[in-house]
Structure formats: structure tokens, C-alpha cells
Amino acid sequence: MRNPRLAVTLIAAVLGCLVAGCGSDGGNGPSSDGPMGPVMDSGYSCAPVQAPGDSMSLGGLYVQNQGHQVITISRISLTGHGLVLTGAWLIPNVRNSGLGATTPYPPGPDNGISMKLWATGRSPDGFRLKPRHVATFVFGLAPTSSKGGIAYPVIHYNSGGTQYVYDSAYGGEVLVGANADCP
């Protein structure tokens, strides 16, 4: 090589990138390549509500710890528009709550969920999901305007000292109005 100084600089940059982790976030943000994986995780559910601020329950997000260390959930957020998170509930060791989208949040026995099953749930904040264990989530969503909205839950968690983000491919749509009709 003609310029040894350039070669040393390039090698140092590549090694630094490999050690620090290069990516769009510079290696400083949470990774999306963590051990949380879907049991069933696609599509969306829809529910009509009467007015902005009325809530819906979105069930149907089932996850599994596919890793070898415990997952600790730190928080839940949403991606999308027009909806806010009004609540979240985790039911451990269940692959299917039997609940899709319904009103209101929290759901009741008239909404297709067993109250005995609901009673086994807890807040997801700080929940520890053991390796190979599953859980189902139920989220409360409410529209912020009369236009309604659509959103997808995002689960922030850590495992083995690393922070991860699980972007769900399962979302909820809320339509507003007395004549709102989900497709």
C-alpha cells in the first residue's frame, strides 16, 4: 500500500466499529435483535368507540422469550398516530387470551375474556419473562381526535445487561363515531 498511515487509520476505524457496534444509532441505542419473539404477531384488529378518549382493548400480541436469560420488561410505548396508551396488562404463561379488539379497556366477561384468566395478569412494568416462557399482552388504546387512529405496541426490555426494543407487527385501529364500522 502506498500510504501506510492511511492503512493503519482504516484498520483502526474498522476495528473500532466492530467493537463499538456501528449502525444508524451509533451502537448507543437499544437493539431490535433481542430474544423476545412472536408466538403470533401480525395484522391488526379494529374496534369502534363513541368519542375521542373512549378506550378499546387490544389483545392478541403473544410473545416468547426465545433466549437463554430472563427478560425484564421496562416499559411499553406505541408507534403510529392518533392513539394513546391508556393501560397495559400481561398474562403470563398464556399463548392466547381469546381477546382481539373490543371496547372498553379493561375488558370484562361480556367482551370474550375469562375473568379468571384476567385475574392471573399483572402490569408488564418490571415483569420478568423466563427463557422459553410465553405471555400475552392486552393494551388499552384511546383515540386523541374524532379521526381515530392506528398504532402498534412497542415493548422495551432488557436481558443479560443489554437493552432491546420489540416492535410489534400487530396493531390496533380505533374508529370514532356512532356509525363507525370496522372493515
> Simple spin-label model, 7 Å along Cα-to-Cβ: Ser32 to Cys182 in nm?
Replying inline: 2.6
> For Arg128 and Gln50 in one chain, what is 0.36 nm times their gap in residues minus the Cα-Cα distance, to one decimal in nm?
Replying inline: 24.4 nm
> Based on Cβ point charges of +1 for Lys and Arg and -1 for Asp and Glu, what charge dipole magnitude is obtained for segment 31-176 about its Cα centre, in debye rounded to the nearest 20?
Replying inline: 400
> For His68, His133, what ranking results if the residue with the fewest other Cβ atoms within 10 Å of its Cβ goes first?
Replying inline: His68, His133
>> If amide hydrogens are placed 1.01 Å from N in the peptide plane, which non-local residues have theirs closer than 5 Å to the one on Leu78?
In response: Val154
> Under a 5 Å amide H to amide H cut-off, with H placed in plane at 1.01 Å, what residues pair with Gly59 once short-range neighbours are removed?
Replying inline: Gly100, Ala101, Thr102, Phe139
>> Could you list Thr102, Thr72 so that the one with the fewest beta carbons within 10 Å of its beta carbon is first and the one with the most is last?
In response: Thr72, Thr102
> What list of ³J(HN,Hα) values in whole Hz, one per residue of segment 170-183 in order, does the Karplus curve 6.51 cos²θ - 1.76 cosθ + 1.60 (θ = phi - 60°) give from phi, with Gly and Pro shown as x?
Replying inline: 10, x, x, 10, 10, 9, 10, x, 4, 9, 4, 9, 6, x
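Each reported figure results from applying straightforward, stated rules to the coordinates on display, with no laboratory input. The structure presented is a predicted model; accordingly, all values stated were derived computationally and were not measured. Ideal geometry is used to build each Cβ from the backbone, glycine not excepted, and the neighbour counts take in all protein chains shown.
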